[in-house]
Structures are given as C-alpha cells and as structure tokens.
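The values are calculated or read from the model by the stated rules, or taken from the named source; none is laboratory data. For clarity, every value in this text was computed on a predicted model and none was experimentally measured. Glycine also receives a Cβ, built like all others from the backbone with ideal geometry; neighbour counts cover every protein chain displayed.
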Amino acid sequence: MKFVILIFVVFIVGVVFSVPLNEPFNGHFTYYNDAGTGACGEWIDAANQNLVAVSHEWFTSENPNNDPLCKLCLKVDYKGKSITVPIKDKCPSCPRDHMDLSLPAFKSLENPDVGNAYGAMFTFVTC
C-alpha cells in the first residue's frame, strides 16, 4: 500500500511541476548581462549571447545541470516581434511569469531603457 501511495505522489508531483510544452502563457521580462557558468552547467555570456534565465520555480531537478528544462527553448512573443532562445540559466528572484533575457535577446524585442517589459507571451518549445 505504501508503494502505491508513493507512486501516486510521484505522479502528482510530476504533473504539477511539469513544464507546459507548447502552451503559451502571459508574463513579463527583464534583462541581465552576467557571464559565468549558468544553472544548466554551461558557460554563458548574457551580454553577447541570445539566451534566457527562467524562474527558479520552473526547475524541478535538485541538480539544475540535469534538469530537463535545460534542453528546451523559450519562445517570447512581444508587440508583434518574436524570438526563440535556449534556456541556459535560472533566475533565483523571478516569479513564475518573469523571465530574464540576455541583453541581446532583450534588445531584439524592446529598448533596454524600458527595463521591465510587460505583456509578453511565453511558450516553452523544443529547440
């Protein structure tokens, strides 16, 4: 009986915390320009590469380097423009609907002077 309950709990947790692939949702984005090892275990340069740091709330693995999220991309639609960027990092202070784009990715959608761009549509997609 305990085994059945354990399987049920694991299933529910997996369903609740899974990434909604190809299901758009609303949010807002900012930008950052740090360089170093990203949460997915790869060297990143957010001042020069197109990438995104997604909210820590989307990561499900204890070791973010092994998180399935690191194999996905994020499509951002904003004011008639669109960009698809690889998920390479985690934003520790961002709520679920807030994404932190690299500076070049942000610039392709909005002027950096805006700082916080509201009214975006996000979609997790395969790269």
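Do the conditions hold for P112, that is, is it touching a strand residue (DSSP E or B) at 6+ places or on another chain (Cβ under 7 Å), exposed (fewer than 13 other Cβ atoms within 10 Å of the Cβ) and at pLDDT 95 or above?
yes
All but one of (1) under 14 Å from G27 (Cβ atoms); (2) surrounded by fewer than 17 Cβ atoms within 10 Å (Cβ to Cβ) hold for D45; state the number of the condition that does not hold.
Only one criterion is unmet by D45, namely (1).
Give segment 59-74 a look and list any residue that's touching a residue at least 40 places away in the same chain (Cβ under 8 Å) and either touching a Phe, Trp or Tyr at 6+ places or on another chain (Cβ under 9 Å) or buried (at least 18 other Cβ atoms within 10 Å of the Cβ) (or both), or say none.
T60, L69, L72, C73, L74
Quick check, is D77 among the charged types (D, E, K, R), buried (at least 18 other Cβ atoms within 10 Å of the Cβ) and either closer than 17 Å to F25 by Cβ or out of contact with any Phe, Trp or Tyr (no Cβ under 6 Å at 6 or more places or on another chain) (or both)?
Spelling it out, it is not the case that D77 is among the charged types (D, E, K, R), buried (at least 18 other Cβ atoms within 10 Å of the Cβ) and either closer than 17 Å to F25 by Cβ or out of contact with any Phe, Trp or Tyr (no Cβ under 6 Å at 6 or more places or on another chain) (or both).
Which members of segment 19-40 meet the condition of being at pLDDT below 95 and either in contact with a His (Cβ under 8 Å, 6 or more places away or on another chain) or surrounded by 12 or more Cβ atoms within 10 Å (Cβ to Cβ) (or both)?
Within segment 19-40, V19 is the sole residue that qualifies.
Which condition does C73 not pass, out of (1) touching a Pro at 6+ places or on another chain (Cβ under 6 Å); (2) at pLDDT below 95, if it passes all the others?
That leaves (2) as the condition not met.
Taking N65 as meeting all but one of (1) modelled with pLDDT of 95 or more; (2) out of contact with any Leu (no Cβ under 8 Å at 6 or more places or on another chain); (3) closer than 22 Å to P20 by Cα, write down the number of the exception.
Of the numbered conditions (1) modelled with pLDDT of 95 or more; (2) out of contact with any Leu (no Cβ under 8 Å at 6 or more places or on another chain); (3) closer than 22 Å to P20 by Cα, the odd one out for N65 is (1).
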